[in-house]
Every structure is written in structure tokens, then in C-alpha cells.
Amino acid sequence: MPILEDLEAGVVEPFLAVVYRVVGVQVRRRPGAYWEHQADPDLDTVVTHDFVADRWERTVAAVLGQGGDDASMERLLHTIVERWLIDRFRETERGSVTRTLVKHLNGHDDFGKVPAGHPGAGRWRLAGTHQPPWAGSLEELVTAAWTVRAAAVRWTSDTRRAPIARATDLSAVLRVVMATAAGSVSEQQLVEVIVRRFPATLSTPTSPPGALDEAAAQVADSDPLPADIWQARQDATTTAEDAVVVVRQLTEQDRHVLRLLADVGSAEAVRQLQKELGCGRSRAYQHLERVRSLVRELTGAFDDEEQVVLDMLTVCQAEGDVSGMVDDGGDEPSNTSESLANVEGRTS
Amino acid sequence: MTDLPQSLRLLASSLNVPSVLTTDGLRQRFSDPDGLDPAAGQVRRAQWEDKSLLVLLLGAAQERYWRVAPVSIDPTGEDENSLVLAAQRSAFSVEVTVWAGLQACLPTAVLSRVVDVWETDVTTWCASPGATVPAAARRGQFAMPYGPDAEVRADLQDMLETLAEAPLVPVRQTTTFDVAAAATRVGLNVLVEALGLAIPAVVKIVKGKAAVTEDQAAILARLFGVAVGDVLAAVNGLPAELAVELERPRWRSVWQTWAAQLRRAEDAVRFQVGARVFALGYRQTGTTGTPNWDSRIAHWLADHDVKDMSGGT
């Protein structure tokens, strides 16, 4: 009897067995939330217990509501479990953004914390001002943040804290946000604004069904890209160096998308991604736009810098076959942050 | 017995499925959840091949289509054009999102089981979102670009697009192309030779009492000097009223069950039954009169089973 029919009849165990199997696959793809427990031989069981405790009611409602055959039910379960694992990991991410932001605010004289005993105690405002707590639409602050040209810096490691952006850029964004607020702003509100200002950089995309391993590629912070670096060093212009810094913050999957864009253009790239990822057009388009936005955020540009990176990738691709002959001299920077001036937040 | 660790087997024995969502629960509420005709306010599964989605019916659109808004439970997601219903407003007992900004027209043929019915205030708001949000509901929040909500939305859009393209029952279009006249012009013997069929079989095709395969349609199209689509529409099409009846959700469980047993597409099985019901009706009423297709399908199904379908079209 199909598992869904069992569940519709109130029989739980066969369905739980599928959940257990799906959890086993997903927790290996998305280990972030259980990073410290990866060696646990009972990891799948532990995670299944956590998942059921957290999401049983919602999952059963979704599965029984949507219906379909067992294969489509299992696909839905993969999506549900993957997003649950990402949500758990995002709780950590938000915490990381908060810590980096607070460290930045504490370390710069431009900003002041409202002292205890005053209205809005614990909030942040521009130093030297005495304005009351801000109460307005978050959209206004997000819009103000977007008026500042700022280069994001991407997560480069599971163990280091993300710097979010170049320190000078981050200060500039925060100054404009606080000036627009004309009042003190809470840490939570500031985190929300910053996350929306750098959405592609600070997002953890889920992968469409079928792309089991590709999306798990981590940012290549410790692996030099010989062809890229070698090529960049042959061309010592500032533009090329900037481009290489951006390229090195992209995952293999991001680079692949950019190469597709450079090679065949948007429309064909979307079609190609649909095939590769086994997803629909809207999802493929979203995937492509996220990478474009990511490049814009990392370059700190609003338009033309994306083309610089595309050109750079084209050159890298053309030189790809010489990568085996490249003598990188052993002095390559081992991570992105080394190449960036004035970047903070590298503590564990 | 499933391959589960003991602790999970124990866990399974302590878990429940909300009774209102079980088959028995649905039968208690709707008597026959697979047999109800579509109506605004119903929350139904929309399914075609391996795509399945939950939708809220907003109203009938053009003939053979319904205007719907997709509903998500998990992953939930929301955007500024959606309505998020509190747990007490639906049978799902958890918060659910109706994506009013993603309204689409879906063929009636993709609608299947009813799983809930929502009150008019929800349907009205979703059909035309206004400032006043229904009780125990809230307007969704802005979806971050590239965030999880935007991903849910993109997946729903893709799903709707696929479901909207599900094949309809082909409807006979006598005005576009007259097969009998074309056959007379070409000559019956030529058709018999080209199709490699006996004369009675070819006569049935010409008179519209037997369907053709796509290969046969291509041969006829070449002989008649018309497009393949014109031949298929003229020969294989069924009366519009029968097509509407075949696409009603009440028959879907039969089409789906037989399609699975025969390892054939649902629309092929649906059409094959329709063609046989039509042929029966043709014999009984000739070309005049308006048959009651509902009862004719029911009678045909009562007299036949899946084994009668194994011969193909």
C-alpha cells in the first residue's frame, strides 16, 4: 500500500521511516546545524527526533494536504527537511551577524549606545546625538541603506565570523541608516536592515530537487584558484585585482552560473540551469538573479562592476587549461580576507 | 515492519495524524471528498503527473478552468500579497499561507480531492486583496529577495505553470475540417492502403467513431493536405459536453488508478474511456439528441474494468 495512503489511514510508521531516510540524506548535505555531531553514529536518529519534535504537526498537514504519489511526497519531505536544517543554521547565522555588528558599533566612535536610565537604553544612535527611540517603517531604513555604495564580504568559513562588508562601507551604511532614523535603533532592527541590504550575500539558498551535491559547495576560501590568480597577477590593474577578490568569494556553483551568463546570456542560462538543477523556470531565474545580485553586492556596485567580473571569468575560463602549469610562487593569500583592506570580524 | 531504530519505532507509536485530515475524517466531513464538484472556497489538491499542489478555489474562470490561489503549509513562506491564516481557521491546525498574488487559471481536470472548505471572507480577500484583512489572519510580510520565502514563491509559480499546461480532453471541431469530405475526395482505397487497415476500421475513422494515433493522423494529414493538429481535432475530438464531464474531479480516481495499472498517461486513459462512451452514445442516439454523459460514463464504468482498456486506442 502506498505510504501516503497508510498515513491517510492514520498509520504512521512507514511514513516515519521515509522521514528518517530523508533526514539521513539532508543532514549530510546541510550539516551546519549539526556540525559538531557529525561523528555521532546515531546522528540520523537524533536529528529525526529533533525534526519530529519541531515539525511533526506541520509536516503531516503539508503532506496530507498536498497529496500526490509517494515519489512526490518524498520530494516534498526533502524540501521540508532541508529548509528546517537551514532554518536551524540560520539562527546561528543571525547570531553571527549580530555579534559582528555589535563589535563594529563598539569599535567605532561614530556610534553611541544609549546609556541605562535613558529612553531606548541599549539601542544605538549616532554619537553625540540625544534623539529618542526610532519608531517607523523598517523599509525606510532599508531604502536608505541601499543609497550607500558598499562592498559586501561573503561568508568564507564555517568557523570564522562573517565580516559582512568592508569596515568603512559598513560604517557608511550604518551612519546613513541612523541619520535617516533620526533616533536610536535596536540591534535587532539594525541586523534586519543589514541582512536586507546584502540579501544575496547573507542568504543561504536551498537547492532545487535533484541538485543534491552541487549546492553544498562551500566558498573556496582556502583553495587558491591558480588560473584565476595567475591571470590576475599578469594583469596588475586594480580592476582585475578587485575582480579576482570577488571571484574568490564565489562558490563553484556561483562561478558556474556566471560562466553560463558570460557564455550564453540570460535566457539560455536559465534554460540550462533548469536542466541542470531539475527545477522550473522561476526557480532557475531566481538562482541566476541571486548570483548576479551577489556579484553586485560583493563589488559594491550597482551596475557596471558585474560586467568586470563577467569579463574576468571569461579570461579565467580561457586560461583554465594552463592551470596545471601555473607556478603560483607559494605566496598566495590563503583566504579572501587577506586581500581585503580594512576588513574586520575574523575572530572565531 | 520498517527498517527503523527502536527509539523511532517507539516514537512512531506515540505520534498521531490529525483525524480531520485522514480519509475517514474527510469522509465524515464531505461524504465523498473525491466526488464533490468544484466550488469557490474549497481547498483542493491540484495534481498532474508527478506535480501536486494545494489550491484555494476562488471561482470558475472560462469554461473548463478555475481561478485558484496556491496554498502552502510547509515550507510555508509568505510575501506582501499573501494572506496568512491562523491555525484555528483551517483544518490543518497550523498556520498556512494563501498566495493571493499568484492567482492562476488551472484546468478543472487537474483538481482532485477536497481537503478543506474556507469561509467566504478568505475567498473574497484572496480574489481581491483589500485593506481589511479577515479575522484570525494577517497580511504576509515582504519576502526578502533570494530568501526562503522568495524560493517558495518561485517553486509555486513553476508548479502552477506546469499544472496550467495539463492536457485537456480534445474537443471535436467540425467547423475547422471535414474529414468525411476530404476522404471522399482522396478515395477510400487510398486511405485503406496508406493506413494499412481494413475497410471497416477506416470507415469508422472517417465517420468519427474511432480514434487515430498520431502516426495515423500524420499519414492522413499528408493525404488531405492539412496540419496534423487539424486531423487530430476533427477525428479524435469528443463533444464539448462529454469533454467537460470527463474532466470533472469525480472521475479522477478512476483515471489515475487505471493509468497506474496500465502504465499509461492519465489523459490517454481518460480519452480512451471518453471515446468508447462516445461510440456507445453514438450508437444509441445517432447524431441527434443530447446524451446524459454523466450517467453514460457511470454505466460504461459499471460494465467495464481496467482489463477492457488493455487494447489501447
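Readers should treat all values here as calculations from the given coordinates under stated rules, not as data from a laboratory. Only a predicted model underlies this, so the values are computations on that prediction, with no experimental measurement involved. All Cβ positions, glycine included, derive from the backbone under ideal geometry; neighbour counts span all protein chains shown.
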Mean per-residue count of partner chain Cβ within 10 Å for B:151-163 equals 5
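Highest first, please rank the peptides A:101-109, B:246-254 by the mean number of other Cβ atoms sitting within 10 Å of their residues.
Ranking, from highest mean packing down: B:246-254, A:101-109.
How much length, in nm to one decimal, is gained on full extension between B:GLN173 and B:LYS204, taken as 0.36 nm per residue of separation minus their Cα-Cα distance?
Numbers: separation 31, 0.36 × 31 = 11.16 nm, distance 1.73 nm.
Once the chain is fully extended between B:GLN173 and B:LYS204, it gains 9.4 nm.
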So how much slack lies between B:SER253 and B:ALA302, counting 0.36 nm per residue of separation and subtracting their Cα-Cα distance, in nm? 16.2 nm
Filtered chymotrypsin sites (Phe, Trp or Tyr not before Pro), region B:132-178: DSSP coil and at most 15 other beta carbons within 10 Å: B:PHE142
Cβ-based exposure ranking for B:THR120, A:THR143, A:THR201, in which fewest neighbours within 10 Å come first: B:THR120, A:THR143, A:THR201
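Could you work out, residue by residue across A:14-21, how many beta carbons of other chains sit within 10 Å of that residue's beta carbon, and then give the average as an integer?
Values: counts 4, 4, 8, 7, 1, 3, 7, 3.
Per residue, the average neighbour count from other chains is 5.
Among A:28-36, B:101-109, what's the highest-first ranking by average C-beta atoms within 10 angstrom per residue? Don't jump to the answer; show the numbers that get you there.
Working: A:28-36: 16.0, B:101-109: 20.2.
Put in order of decreasing packing, that is B:101-109, A:28-36.
Among B:THR290, A:THR147, B:THR23, A:THR299, which comes first, then next, by fewest other beta-carbon atoms within 10 Å? Walk me through the numbers before you get to the answer.
Working: B:THR290 8, A:THR147 11, B:THR23 16, A:THR299 21.
Ascending Cβ contact count within 10 Å gives the list B:THR290, A:THR147, B:THR23, A:THR299.
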Can you grab the distance from the C-alpha centre of region B:68-116 to the C-alpha centre of region B:205-238, Å, no decimals? 41
Using only the alpha-carbon atoms of region B:18-108 as identical scatterers, what base-10 log of I(q)/I(0) does the Debye formula give at q = 0.13, 0.21 Å⁻¹? -0.46, -1.18
For region A:124-155 versus region B:5-19, the gap between their alpha-carbon centres in whole angstrom: 48
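Cβ neighbours within 10 Å, averaged per peptide: list B:195-201, A:84-90 in order, most packed at the top.
Values: B:195-201: 12.6, A:84-90: 19.7.
Highest to lowest by the protection proxy: A:84-90, B:195-201.
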Expressed as a whole number, the average count of other chain Cβ atoms within 10 Å around the Cβ atoms of A:275-282 is 4
Divide by every residue of chain B the summed helix terms, -39500 (n - 2.57) for each DSSP H run of at least 4, and state the resulting mean residue ellipticity at 222 nm, rounded to the nearest 500 deg cm²/dmol. -12000 deg cm²/dmol
